[in-house]
Amino acid sequence: MYAEHSKKQVIQHGNNSQEICYFCKKKAMTEIIFIVEESPEGGYEAKALGYSIFTEGESIEQLKENVKEAVRCHFEQDYPKIIRLHFIREEIFAA
């Protein structure tokens, strides 16, 4: 990202981390986290923590591709290096 600059600092902001270049003071996010749940209509829904990024997919593989595309579209450049999917599954059963 900052090939010409080598001195950087990683800062945690809640669930997300950012990399800051000391020379140009630009921020580059290193990780973004998505909460993934099964959709009532079938497939999966993903929502980014701290950002207005939402997407869905019929399979986990399709969801991963859609998440990548949504992140690149949202950030345009300097997008996160790591995408973390946190799967939440609710299960109800008789006692």
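No value in this document is a laboratory result; all are computed from the given coordinates. Please read these numbers as outputs of a predicted model, since none were measured by experiment. Ideal geometry is used to build each Cβ from the backbone, glycine not excepted, and the neighbour counts take in all protein chains shown.
Each label point was placed 7 Å from the Cα along the Cα-to-Cβ direction; for E37 and Q77 their separation is 3.7 nm.
Provide the gained length on full extension for the span E65 to I92, in nm with one decimal, where the gain is 0.36 nm per separating residue minus the Cα-Cα distance. All intermediate terms of the calculation are to be shown ahead of the outcome.
Values: separation 27, 0.36 × 27 = 9.72 nm, distance 2.99 nm.
In short, 6.7 nm is gained.
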